[in-house]
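Following: one structure in structure tokens, then a few remarks.
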């Protein structure tokens, strides 16, 4: 059967809110629900506090912005709500979104309500809880679904204005440089080198598609019994952009160490029943009907995403120091920014040597 949906913990007092005001606001949207009591807080995710609600006749999930000073454009729950509403009419699986509240007087910040999706979330990249023969199907399903997302035409589902077309990597390097600076708590020389190197070695322009921004194993819910994705979660970083860059972020597990990040680098993938990075990329490109990118361009996307993730983790570290992080493991996750940036710079050095 695999793991349950995800781990939960008691409600964090820092993220508490007035239940009565929530129930009064929610009643017109969900008339058959008898109450809306937060019973637990999900411990996965490092950004937006997310709660399981007991609504009497059904389970709901509330996702909100965190308290405290926030970085510009971060924690965009409104964008999450919009894109999941738009994708509901497509073949890309998302939770059913019910209502969005942008009035901070209700619970202290903007939030939205969605249906609770029963299923499995896997956190171990090796899928050790599954028999070896079932693991490849899980990865193939993730490959299929992200390819399906990247095949969508944003204009046909009302998302043509969800981001800017063109120069995606260039703008992302600028954005995550700003975000890193805004949340910087330490000096990381490798980040400084990447900030200088990345804009000077941009790959060729790619097509513009909807990109998830954080598509990974523990951000999808699988059916309780089948290797089928029932919902993709955490759309906060979604926008219009380069699908290959989005897919490369998804592939970072193959390039990261199992010692500190539960990555796959250095493991005997054949023995585990898992595809190699080369096989996984080829399967994605076949589904998209596109050629496999040149090795140096693919390597750039990997380095760029390591840099981007290091910037994200630096924000996690800053929120942990401020005391408003969503996850109880925020400090530990945030500490990975430096080694990840250093690994990215080692890959740049190897690329130059090659």
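Mind giving me the nanometre distance, one decimal, between the label points for residue 297 and residue 350, set 7 Å out from Cα along Cα→Cβ?
So the label points at residue 297 and residue 350 sit 2.2 nm apart.
So what is the relative contact order of region 132-353, in percent, for Cα pairs below 8 Å that sit 6 or more residues apart?
26 percent
Using the basic label-point model (7 angstrom from Cα toward the beta carbon), what is the residue 37 to residue 144 distance in nanometres?
It is 4.1 nm.
Using Cα atoms only, what is the angle between the long axis of helix 168-183 and the major principal axis of the chain, expressed in degrees (0 to 90) to the nearest 10?
60 degrees
Hey, any idea what the orientation-averaged projected area of the convex hull of region 57-206's Cα atoms comes to, in nm²?
13.4 nm²
May I ask for the distance between the Cα centers of region 246-288 and region 180-220, given as a whole number of Å?
Taking the Cα centre of each part, region 246-288 and region 180-220 sit 19 Å apart.
Counting other beta carbons within 10 Å of each residue's own, what order do 208, 156 fall into, fewest first?
Values: 208 18, 156 10.
Ascending number of Cβ neighbours within 10 Å: 156, 208.
Taking 0.36 nm per residue of sequence separation and subtracting the Cα-Cα distance, how much length would be gained by fully extending the chain between residue 105 and residue 175, in nm to one decimal?
The span from residue 105 to residue 175 would gain 22.2 nm if fully extended.
For a bin width of 10 Å, list the pair-distance distribution of the chain built from all Cα-Cα distances, rounded to whole %.
Spelled out bin by bin, the chain gives 5, 24, 35, 27, 9, 1, 0 percent.
Compute the FRET efficiency between residue 216 and residue 287 as 1/(1 + (r/R0)^6), taking r as their Cβ-Cβ distance and R0 = 22 Å, and round to the nearest 0.05.
Step by step, r from the Cβ atoms, then E = 0.75.
Hey, what did region 53-144 get for relative contact order, percent, Cα under 8 Å, at least 6 apart?
Relative contact order comes out at 27 percent.
Run the quick spin-label model on residue 270 and residue 29: label points 7 Å from Cα toward the beta carbon, then report their separation in nm to one decimal.
Between residue 270 and residue 29, the label points sit 5.2 nm apart.
Suppose the chain between residue 279 and residue 153 were pulled fully straight at 0.36 nm per residue; how much longer would it get relative to their current alpha carbon spacing?
42.8 nm
For residue 184 and residue 202, calculate 0.36 nm times their separation in residues minus their Cα-Cα distance, and state this gained length in nm to one decimal.
Fully extending the segment from residue 184 to residue 202 adds 4.0 nm.
Nearest 10 degrees is fine. How inclined is helix 295-322 to the longest principal axis of the chain, computing both from alpha carbons?
Approximately 40 degrees, to the nearest 10.
Based on alpha-carbon positions alone, could you give the equivalent ellipsoid semi-axes of region 187-267 from the gyration tensor, as √(5λ), descending, whole Å? Please list the in-between numbers first.
Working: eigenvalues 145, 78, 26 Å².
Square roots of five times the eigenvalues give 27, 20, 11 Å.
Any read-out appearing in this document is the output of simple, stated calculations on the displayed coordinates, not a laboratory observation. The model shown is predicted, which means the values in this text are computed figures rather than measured ones. Note that we place each Cβ from the backbone using ideal geometry, even for glycine, and neighbour counts take in every protein chain shown.
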